[in-house]
Structures are given as structure tokens and as C-alpha cells.
Amino acid sequence: ADAAAEDADARIASQPCPFCPSSEKTTLQNWIGCDTCEEWYHSECVHVTKQQAESLETYLCPTCAHKQGVAYAFRMPAPPKRTRRPKLRLVRSLLAEAATLSVALPEAEPLGVLAAEADAWQDL
């Protein structure tokens, strides 16, 4: 049972919380899973306390509640922030791949500078 719980924790930790403004991937926070869509959320992001989560027999997330035309049982979370900007880790992996190409890409150098500036900014 412990191995199954660890596998579940690893699976949950590998997915970002759909309503989390920071999209953190961590098992240090409380998570709650929707019994309809099986998506996992930080309980804080969907406004469900640990005590409420433990007392629920089933949990219906805000998205599934909306799709089913029922009121969400807790305070509605803020809509997730969406951006078209790629994640910094994706940019780094693409830059690493570009470095292995036999053709020089003119975009690689300015993107490398921006990635380095983003890293320096995150270290502040």
C-alpha cells in the first residue's frame, strides 16, 4: 500500500494544479482530486480546507460543477492565468537541442541571453 501511495504522490506531483497561479508542482501542499474528471488541485487553490476534504465522500471540482450545471460547493477560485509564453525549462531544452544542430539558428543567441536574464531574475 505504501508503494501505491508513493506512486500516486509522484503522479500528482508531476502535474501542475490547474488553478494555481504559480503552477507549482509540490507534494508539500494538500491536494484534492475530483471524483468526476480525476484532476488534482491544491486544496488551497479551490478553497477546500483539509478538514472539509477529509469529511467529503466525493469532490466535484469547479470545472465539472460548471459542466454539470450545479453550483460549486465552495468559494469559486480565480480563473487560472493562461499565457502563450513558453515555460523557461522548455526554452532551455530547445536551446540545448539547437546547440546540437549543424545549422546555426539566428534566434538561439538572443533567446540564450533572455533565458540567462530570466535565471538571474529568479535568483533575486
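The values are calculated or read from the model by the stated rules, or taken from the named source; none is laboratory data. Just so it is clear, the model here is predicted, and its values are computed rather than measured. Because the Cβ atoms are built from the backbone with ideal geometry, glycine has one as well, and the counts that use them run over all protein chains shown. Protein only, heavy atoms only, side chains kept; ligands, DNA and RNA dropped before computing areas. Shrake-Rupley method; radii C 1.70, N 1.55, O 1.52, S 1.80 Å.
Some points to look at:
- Sites E39 and L90 - FRET efficiency at Förster radius 22 Å, r taken between beta-carbons, to 0.05: 0.50
- Close amide H pairs (under 5 Å, H built 1.01 Å from N) link C17 with E24, residues at least 5 positions away or on another chain.
- Taking all protein chains as they are arranged and a probe of 1.4 Å, the heavy atoms of E107 leave approximately 110 Å² accessible to solvent.
- Value in Å of the Kirkwood radius, where region 52-124 supplies the Cα pairs that are averaged: 16.5 Å
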